[in-house]
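The values are calculated or read from the model by the stated rules, or taken from the named source; none is laboratory data. Only a predicted model underlies this, so the values are computations on that prediction, with no experimental measurement involved. In this analysis, Cβ positions are derived from the backbone assuming ideal geometry, glycine residues included, and neighbour counts consider all displayed protein chains.
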């Protein structure tokens, strides 16, 4: 077996087809600041449509787990419940956006990934690692992920196309199906997708059923370009050991998440104006004993309504970005009570170029006011310098901030209690890195440091006490990330990455910590891609993870795809955890052993 691991470590890679253009500039279009990829001065990962298609993954979570700096802690199979971490931060410190609209939830960051869009709807994914509060506001404490969905396309003639985009089955009686309909003419285009996945579960009380409806329509194809997006996700699942303690085997949860948004892009001369308005709603029902709700039941309903306007102005002295964000969040809960908060944020950022565009400086400032707290500011500075066409260095400095969620403040059950006296979290961050980018090799590495104070964690002094929400004091985090991509041949490609995180012990008398002291200390990811013929290809992914508590695991997954009638239709086979590793990612919830999925998909 040791030779097997050795071979996997040596032959690890990533898919990069001949269509990939490593030196092309990719514009982060839906963020407040549009940054060309080849000139970026932050740790930004762009996963384009070609990479998504060639990865062979079935869902967004499986894809994100293949990138260093990200820690996706799943409970159970199918991504039915998972938490998103970036660079060792907590799940409340990471912001998820869909088409630039923020999907944060005022109840808890556990709901960040509730509305998991089918992989076939995603055009690209923009990952910003490191503090992004100056760009996105307080929830982007350690980073942000923006999912850009595919847009329907107009056609010369009126058309209606209905496509079976996915049908699959596999272990644990897993069944999944997805249907997409597109309506279009020369002025109007709309797309509708319905996706369902269900399973009987891989152990007692881990069955689930997830439904997702997604609609996107272009209301105008000219200036202004206007789009409407709507999504509804409904999940029901057995939650054996997911929360409370591993002995709580009869837990059950249902979540329903919906989103409706409008956004436009206006262009006039050197000014680009991007207004958007959106509403996000989440409902969470938790039952401690599935067949007896009277013992303990929580019902939470949260709403967020936001209006955001972003401007980019191009002039001889550079690009100036500015705007404001108004949002109102509210919660109605039988456990947390009824609360609301209005937030006002304004920001300004200016990009200056020197030395024939080789040196870039970008200072900026964001200020936010929370109606139930106070004013807070997020200053920052980014810089980048291109030594030549292939080699560049960069750095950034900034302050970040997070206010407590309503769960942090008010939650109470038989194992956990909140704390209404909590102080907001804050941190100062710095990062330095360099990149080498050529036709055959891409290498990038970064070191970062984060000095945090008033970090919120759930702690206790012994195994019999309640978990208590607490400001634990100071926490210093240092880290390193490195990735290398080598295009070996037209039919074999290579990628591997390593991330290291070191958290200093903040207070020596804390004996048990639920979240902050269990970072992904060592994380090695590698991937190999073989293209055996024009129709048949295979990916092999190896992941090694070791946490601060010294628990570790090694996972090997592989997938095969066979093209059928065209490049966009294929049969696929996914084999997961093929060496049947026993492991967990959070809360001692055992993950599934070896399993498989076989299916058909049509990409569009």
Residues of segment 409-419 satisfying the condition of being in a loop (DSSP other than H, G, I, E, B) and surrounded by fewer than 19 Cβ atoms within 10 Å (Cβ to Cβ):
413, 414, 415, 419
Filter segment 445-464 for residues that are without any contact (Cβ under 8 Å) to a residue 40 or more places away in the chain and farther than 18 Å from residue 478 by Cβ; which is surrounded by the fewest Cβ atoms within 10 Å (Cβ to Cβ)?
464
Scan segment 84-107 for residues that are outside any strand (DSSP E or B) and on the phi < 0 side of the Ramachandran plot and jot them down.
89, 90, 91, 92, 93, 103, 104, 105, 106, 107
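Matching residues to (1) more than 17 Å from residue 238 (Cβ to Cβ); (2) surrounded by fewer than 17 Cβ atoms within 10 Å (Cβ to Cβ); (3) out of contact with any helix residue (DSSP H, G or I) (no Cβ under 7 Å at 6 or more places or on another chain); (4) in contact (Cβ under 8 Å) with a residue 60 or more places away in the chain:
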residue: 174; (1), (2), (3), (4): no, no, yes, yes
residue: 178; (1), (2), (3), (4): yes, no, no, yes
residue: 188; (1), (2), (3), (4): yes, yes, yes, no
residue: 192; (1), (2), (3), (4): yes, no, yes, no
residue: 198; (1), (2), (3), (4): no, no, yes, no
residue: 201; (1), (2), (3), (4): no, no, no, yes
residue: 208; (1), (2), (3), (4): no, no, yes, yes
residue: 211; (1), (2), (3), (4): no, yes, yes, no
The condition of being under 30 Å from residue 464 (Cβ atoms), buried (at least 20 other Cβ atoms within 10 Å of the Cβ) and either in contact with a helix residue (DSSP H, G or I) (Cβ under 9 Å, 6 or more places away or on another chain) or touching a residue at least 60 places away in the same chain (Cβ under 8 Å) (or both) holds, among 394, 406, only for 406
Of the conditions (1) touching a helix residue (DSSP H, G or I) at 6+ places or on another chain (Cβ under 9 Å); (2) in a loop (DSSP other than H, G, I, E, B), residue 588 fails just one. Which one is it?
(1)
Residues of segment 240-252 being surrounded by 21 or more Cβ atoms within 10 Å (Cβ to Cβ) and either under 16 Å from residue 196 (Cα atoms) or within 22 Å of the chain's Cα centre (by Cα) (or both), which ones?
242
Against the conditions (1) touching a helix residue (DSSP H, G or I) at 6+ places or on another chain (Cβ under 8 Å); (2) modelled with pLDDT of 95 or more; (3) surrounded by fewer than 18 Cβ atoms within 10 Å (Cβ to Cβ), where does residue 542 fall short? Just the number, please.
(3)
Residue 274: passes all of (1) modelled with pLDDT under 95; (2) surrounded by fewer than 21 Cβ atoms within 10 Å (Cβ to Cβ); (3) on the phi < 0 side of the Ramachandran plot but (2)
Residue in segment 117-140 that is nearest to residue 568 (Cα to Cα), counting only those that are modelled with pLDDT of 90 or more and assigned to a loop (DSSP other than H, G, I, E, B):
118
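A quick yes/no check of all residues on (1) within 28 Å of residue 142 (Cβ to Cβ); (2) modelled with pLDDT of 60 or more; (3) surrounded by 16 or more Cβ atoms within 10 Å (Cβ to Cβ):
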| residue | (1), (2), (3) |
| --- | --- |
| 2 | no, no, no |
| 8 | no, no, yes |
| 12 | yes, no, yes |
| 22 | yes, no, no |
| 32 | yes, no, yes |
| 54 | no, yes, yes |
| 60 | yes, yes, yes |
Strands (runs of 3 or more DSSP E) contained entirely in segment 420-495, each with at least 1 residues that are at pLDDT 90 or above, in contact with a strand residue (DSSP E or B) (Cβ under 8 Å, 6 or more places away or on another chain) and over 24 Å from residue 335 (Cα atoms)
425-437, 441-453, 475-487
Here is a check on your reading of the model: is residue 533 assigned to a loop (DSSP other than H, G, I, E, B) and either touching a strand residue (DSSP E or B) at 6+ places or on another chain (Cβ under 9 Å) or without any contact (Cβ under 8 Å) to a residue 24 or more places away in the chain (or both)?
yes
